[in-house]
Amino acid sequence: MERPKQNALSSQENRGRWKKLLLIILLAAAALTFLVLRLAPIGDRTITLTALNKKSDLGEGTEIWLKSVLIDGVETAPEDVLEGTWVSENGYYKWRDFDQADGMTDSLTMTVPAGTDVDFLFESNRWRGVVRVHDGYIIQGLYDVNCWSSSDEGDHLISYREVRMAPGPIRVIRLLMIYLVCGLAFMWIRDAKRASRLKRVAERKALENRSYDTTKEMREKDEGRAPDE
C-alpha cells in the first residue's frame, strides 16, 4: 500500500514542478514583452491639446497658457510645431474665451515621430484652467492637466511628459506579471506547507516505530526471550 501512495505523491510533485516551470516561463515572457514595448518606439502619433473652458473648484479662470514644447529636451516655440491657432502673446501661446484671435481653435495638434519624448510646459496660477491632452493612442490616451495653482506670480510652470508606450498594454502586462508572481508565491507556499506536513507525518511514524520497537523489546525481555535480531 505504501508504494502506490509514494507513486501518487511523486506524480503530484512532478505536476507541481511543471506548473511552477510554466509560470516562470510565462513570467519571463511577460517581462521580456514589457521591456521590448517599453523601450521600442511604436510608430508616429498625433498629440492633441484641447482647452476645455473649464476651471477647478478653486480656480478663478479657464485660460490655458502654453510656454513651450520640449522635443527630446530641445525647447521649441509652440506655434512652430503645433497646428491650430491660439494667441501668441508675451512669450506664451494662449487660449482664452475672450478677445479670441480670428480662426482661433480650441485644439492644437502635433505629429510626433516614433521614439520621441515631448514635454509641454504650461503656466500655472489661480487664473488657469484645465487642458485635455490626447497622447495619440487609442486606448486610455486622455489626460486632463489642471493648470491651477494657488500661486499668483504667473511664473510657476508645470510639465506634462509624453510617453513612448500606450498606457493600456503596459498596464495589462504589469497586471499579468503581478498575477504570475502571485501564482508562483502561492505554489511555493503550498509546496512548503505540504513538505512540512509530510515531514511531520514521517517524524511521527518514525517515533511510533521506535516506540513499537522499544515496547516489543521490553515485552520480550519480560518473557525471558532475547529480542529479535
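Values quoted throughout were computed directly from the atomic coordinates according to the rules given, and no laboratory measurement underlies them. Fair warning: this is a prediction, and the values are worked out from it, not measured in the lab. Ideal geometry is used to build each Cβ from the backbone, glycine not excepted, and the neighbour counts take in all protein chains shown.
Can you list the residues, at least 5 places off or on another chain, whose amide H is less than 5 Å from the amide H of THR116, using H built in the peptide plane?
Correct list: empty.
What area, in nm² and to one decimal, does the C-alpha convex hull of region 84-139 cast on average over all directions?
The directionally averaged projection comes out at 5.4 nm².
Among VAL69, VAL145, which comes first, then next, by fewest other beta-carbon atoms within 10 Å?
Lowest count first: VAL145, VAL69.
If you plug each phi of region 182-193 into the Karplus form 6.51 cos²θ - 1.76 cosθ + 1.60 with θ = phi - 60°, what whole-Hz ³J(HN,Hα) values come out, in order, with x for Gly and Pro?
Those phi angles translate into 5, x, 4, 4, 4, 5, 5, 5, 4, 5, 5, 5 Hz.
At a threshold of 8 angstrom on Cα-Cα distance, excluding pairs fewer than six apart, so keeping six or more, what relative contact order does region 43-164 reach in percent?
Computed over region 43-164, the figure is 35 percent.
Order of ASP80, ASP191, ASP57 from fewest to most other C-beta atoms within 10 Å?
Listed from fewest to most nearby Cβ atoms, that is ASP57, ASP80, ASP191.
Kirkwood hydrodynamic radius, computed over distinct alpha-carbon pairs, for region 43-164: how many Å, to one decimal?
14.5 Å
Can you give the net charge of the other residues whose Cβ lies under 15 Å from the Cβ of GLN100, counting K and R as +1 and D and E as -1?
Within the 15 Å Cβ shell, the charges total -4.
For region 39-116, which chymotrypsin sites (Phe, Trp or Tyr not before Pro) are both in a DSSP coil and crowded by at most 16 other Cβ atoms within 10 Å?
Passing sites in region 39-116 are PHE98.
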